[in-house]
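Structure first, then comments.
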Amino acid sequence: MNEPMVMRGVLLVALAVTGLLTAGCAGAPAGEPLKLEDNTLTVDNRTTQEWRGVEIWLNTYYRVTTPSIVAGARFQAPLDTFVAGLGQRFNVRGMQIRDLRLTAKLPDGAPLELKKEFEVGGLAGALKGVGGKR
């Protein structure tokens, strides 16, 4: 067999595999920007802009702040570092998380607001849509 033909075939196969892998990654879901795992909140800024003056609110009562989260970076905070106005800490073992929100400013001064959507669980989730409006 002709050596240039074999090399051309290997190159074409390599390019095809690379194209398939790239296409598979492009269609993959990016995930949520606010992620809860065990006792940790991870905030993932997948945008091209810095978030400034970041406030993260847990159950509208407990808060943690950070001056900024740069573009493409992550911020992590243990849930027991969230503090209420009078100094009470969030009790991870004894409290349920019902609401999680992030507010910040973009470099141009525009506000940014993110809210984590929770699935309805328990009896309320099982009866969703049964017996009228919810």
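Before moving on, here are some points about what is shown:
- Considering region 73-134, the qualifying strands (runs of 3 or more DSSP E), each wholly inside and each with 1 or more residues that are at pLDDT 95 or above, touching an Asp or Glu at 6+ places or on another chain (Cβ under 8 Å) and aliphatic (A, V, I, L, M), run over 100-105.
- Only a single criterion out of (1) among the small types (Gly, Ala, Ser); (2) exposed (fewer than 10 other Cβ atoms within 10 Å of the Cβ); (3) modelled with pLDDT of 90 or more is not satisfied by ALA26, namely (3).
- Only residues that are under 18 Å from ALA110 (Cα atoms), among the basic types (Lys, Arg) and in contact with a strand residue (DSSP E or B) (Cβ under 8 Å, 6 or more places away or on another chain) were counted across region 46-93, and they come to 1.
- Given (1) among the small types (Gly, Ala, Ser); (2) closer than 21 Å to GLU32 by Cα; (3) surrounded by 13 or more Cβ atoms within 10 Å (Cβ to Cβ), number of the condition ALA84 does not satisfy: (2)
- Qualifying residue in region 89-96 (condition: surrounded by 14 or more Cβ atoms within 10 Å (Cβ to Cβ) and in contact (Cβ under 8 Å) with a residue 60 or more places away in the chain): no
- Within region 62-84, the residues that satisfy the criterion of being over 17 Å from the mean Cα position of the chain (by Cα) and free of Cβ contacts under 8 Å to residues at least 24 places away in the same chain are ARG63, PRO67, THR81, VAL83, ALA84.
The values are calculated or read from the model by the stated rules, or taken from the named source; none is laboratory data. Keep in mind the model is a prediction, meaning the values are calculated, not measured. For neighbour counting, all protein chains shown are included, and Cβ atoms are generated from backbone atoms with ideal geometry for every residue, glycine included.
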